[in-house]
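Q: The structure under discussion is supplied below as structure tokens; questions concerning it will follow.
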Amino acid sequence: MKAARLAKGLTLKDLDALTGIPYSRLSRIEGGRDNPTFDGLVRLAVALDTTFVIGGY
């Protein structure tokens with residue numbers, strides 16, 4: 001997530017504004033100390049203009 005965020009030139013505060021996920025939670029997700037909900041994962045994928053795969057299929 002961090003690489004995609006930085007590639008788009010976004011800060012965690014920017015991503016907070018785009019997704020509605022609090023800055024502190026985004027920081028924990030990037031640091032591997034928290035996991036996004038499915039809804040959060042979708043919001044992150046949209047904000048970062050990327051896709052995700054569930055279960056590696």
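Q: Can you pull out the residues in region 1-39 that are open to solvent by less than 70 Å² (accessible area, probe 1.4 Å), hydrophobic (A, V, I, L, M, F, W, C) and either part of a helix (DSSP H, G or I) or farther than 23 Å from I54 by Cα (or both)?
A: Matches in region 1-39: A4, L10, L12, L15, L26, I29.
Q: Right, something else. Out of all the residues in region 45-52, is one or more part of a helix (DSSP H, G or I) and open to solvent by 60 Å² or more (accessible area, probe 1.4 Å)?
A: Yes, region 45-52 contains a residue that is part of a helix (DSSP H, G or I) and open to solvent by 60 Å² or more (accessible area, probe 1.4 Å).
The values are calculated or read from the model by the stated rules, or taken from the named source; none is laboratory data. These numbers come from a predicted model, not from an experiment. For the accessible areas, the whole protein counts, side chains as well, though only heavy atoms, and no ligand, DNA or RNA atoms are used. Shrake-Rupley method; radii C 1.70, N 1.55, O 1.52, S 1.80 Å.
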